[in-house]
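The values are calculated or read from the model by the stated rules, or taken from the named source; none is laboratory data. Note that this is a predicted model, so its numbers are computed, not measured. Ideal geometry is used to build each Cβ from the backbone, glycine not excepted, and the neighbour counts take in all protein chains shown. Accessible surface areas use protein heavy atoms only, side chains included; no ligands, DNA or RNA. Shrake-Rupley method; radii C 1.70, N 1.55, O 1.52, S 1.80 Å.
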Amino acid sequence: MSVKESGDGEFLSAAGAARFLGIKLPTLYAYVSRGLVRSRARGEGRERLYLRADLARLKAGRRARRTGGENVSGALHWGEPVLESAITRITADGPVYRGRLATELARSGRPFELVAELLWSGVMGEAAPSWHCEELGVDPAGLAAFLDEASPPLASLSLLVAGLGARDRGRFDTERESVLRRARMLIPRMAAAIAVSLAPERTRAALARGEVARVIAFAARGSRDADLVHAINQGLVLVADHELNVSAFAARVAASAGADVYASLAAALAALSGPKHGGHIERVEALLGEIGSPDRAAQVVHERARRGEHVPGFGHPFYPRGDPRARPLLAAARALAPRNPLVRTVFALIDAMREAGRPEPTIDTGLVAISAALALRLGFGVALFAVGRAAGWVAHVLEQYEAGFLIRPRALYRGPA
């Protein structure tokens, strides 16, 4: 289907654009997110159209690469699959963990530990396993000495993982049960370490809370509130894995070289610390600070559009109709703190984006909303993401150990002859 648009040229529907390029819809949306294809809303609806001239330019470039003596694709740019995996499948309804829809697992209140074990084994148990861990393994005050008041909670998690790995003489054992034994102790410790940059004296008491969501609630707020624990558990389940995102891929690359589970998770945490990964959550926090109050949301959205600037926390290449993982978190934030000024600003921003015909919120916005509703400090959303995603990182590490090959892609040389 094509539509003639005055001034800009011919536009194609999403299905037509995908056929024109011979790609799948998620790849098309990825090209749009990277600015390679321009799109516009069609009429008053949510359907979008794609500029044929951009599509033709992209198609010509791809053909030139194929005929240039190398079979090169955009596989590493939100493109086609590059590794086989049995862990998570991305669907329009959100990620599916070993055949179980993540949003349904979160809605039904399945404990995070149960979901983690599902990712690791493919089996969904009936009762949450006990990941008993009495000691942090390193001195919280020692970790805190490397931090200052401006250090985000994620920094303490990275220090903890490195410290625990350095002290574990058996860390090089990559047998499945050995890795799982360490993972079941490491993830609760990561949860407790959130307190290091907030209140180090709370760390040991937090670790004694038991379930990971309870550990986080006490580490972050010193709270045992059931609603708080439930909201945190939902967040952990929803972020537990998302196929080969950059941090999971980093963990797999390290694991493919035989790196131990601590080193592989350290690689993942390093990738998460980047502004194009975990930094997206911090950019949403910064945007809310820029907006200041709900009545300024529409003005800021229009100003960003006028300057051609991206609005962080909106528009996921895999979910053009909205990130399903964001919805439960946004609903929980509204239920927990409907009058919280920051929560009201989040929803005012979402409304302004919709009125402007812009993309729907991603899970980054959902994590910021839940952090605001729970009155947690800036940076907590990234730390919550890291603890939850550690389950997926471990699953990818195990799968890569079993695959047994070294991940070593080739480069298409573009330098001097």
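Looking at ALA150, is it over 27 Å from GLU399 (Cα atoms), open to solvent by 70 Å² or more (accessible area, probe 1.4 Å) and not basic (Lys, Arg)?
yes
When you scan the range 111-131, do you find a residue that is assigned to a loop (DSSP other than H, G, I, E, B), in contact with a Pro (Cβ under 8 Å, 6 or more places away or on another chain) and under 20 Å from VAL229 (Cβ atoms), even just one?
yes
Take the residues in the range 340-385 that are in contact (Cβ under 8 Å) with a residue 60 or more places away in the chain and touching a strand residue (DSSP E or B) at 6+ places or on another chain (Cβ under 6 Å); name whichever of them is nearest to VAL284 (Cα to Cα).
THR362
Looking only at residues in the range 383-413 that are buried (at least 18 other Cβ atoms within 10 Å of the Cβ) and charged (D, E, K, R), which one is farthest from the chain's Cα centre (by Cα)?
GLU399
Of all the helices (runs of 4 or more DSSP H) wholly in the range 169-250, which have at least 1 residues that are open to solvent by less than 10 Å² (accessible area, probe 1.4 Å) and under 21 Å from TYR97 (Cα atoms)?
Output list reads 176-193, 212-221, 226-238.
Against the condition within 30 Å of PRO81 (Cα to Cα), touching a residue at least 24 places away in the same chain (Cβ under 8 Å), touching a His at 6+ places or on another chain (Cβ under 8 Å) and not small (Gly, Ala, Ser), how does VAL246 come out, does it pass?
Against the criterion (within 30 Å of PRO81 (Cα to Cα), touching a residue at least 24 places away in the same chain (Cβ under 8 Å), touching a His at 6+ places or on another chain (Cβ under 8 Å) and not small (Gly, Ala, Ser)), VAL246 qualifies.
Need at least 2 residues that are modelled with pLDDT of 85 or more and open to solvent by 30 Å² or more (accessible area, probe 1.4 Å) per element, so show me which strands (runs of 3 or more DSSP E) inside the range 1-103 make the cut, counting only ones lying wholly within it.
88-91
Would you check which residues across the range 135-167 are out of contact with any helix residue (DSSP H, G or I) (no Cβ under 7 Å at 6 or more places or on another chain) and part of a loop (DSSP other than H, G, I, E, B) and list them?
GLU135, ASP139, ALA145, ASP148, GLU149, ALA150, SER151
Against the condition assigned to a helix (DSSP H, G or I) and closer than 24 Å to SER197 by Cβ, how does ASP364 come out, does it pass?
When the stated conditions are applied, ASP364 passes them.
Of the residues in the range 358-382, how many are aliphatic (A, V, I, L, M) and either open to solvent by 20 Å² or more (accessible area, probe 1.4 Å) or over 19 Å from SER273 (Cβ atoms) (or both)?
Selection size over the range 358-382: 8.
Can you find, within the range 148-164, the residue that is nearest to the chain's Cα centre (by Cα) among those that are of a type outside the set (Gly, Ala, Ser) and either modelled with pLDDT of 90 or more or within 17 Å of VAL387 (Cα to Cα) (or both)?
By that ranking, first place goes to LEU154.
This table checks each residue for (1) more than 25 Å from LEU228 (Cα to Cα); (2) touching a Lys or Arg at 6+ places or on another chain (Cβ under 7 Å); (3) among the small types (Gly, Ala, Ser).
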position: VAL253; (1), (2), (3): yes, no, no
position: SER256; (1), (2), (3): yes, no, yes
position: ALA305; (1), (2), (3): yes, no, yes
position: ARG325; (1), (2), (3): no, no, no
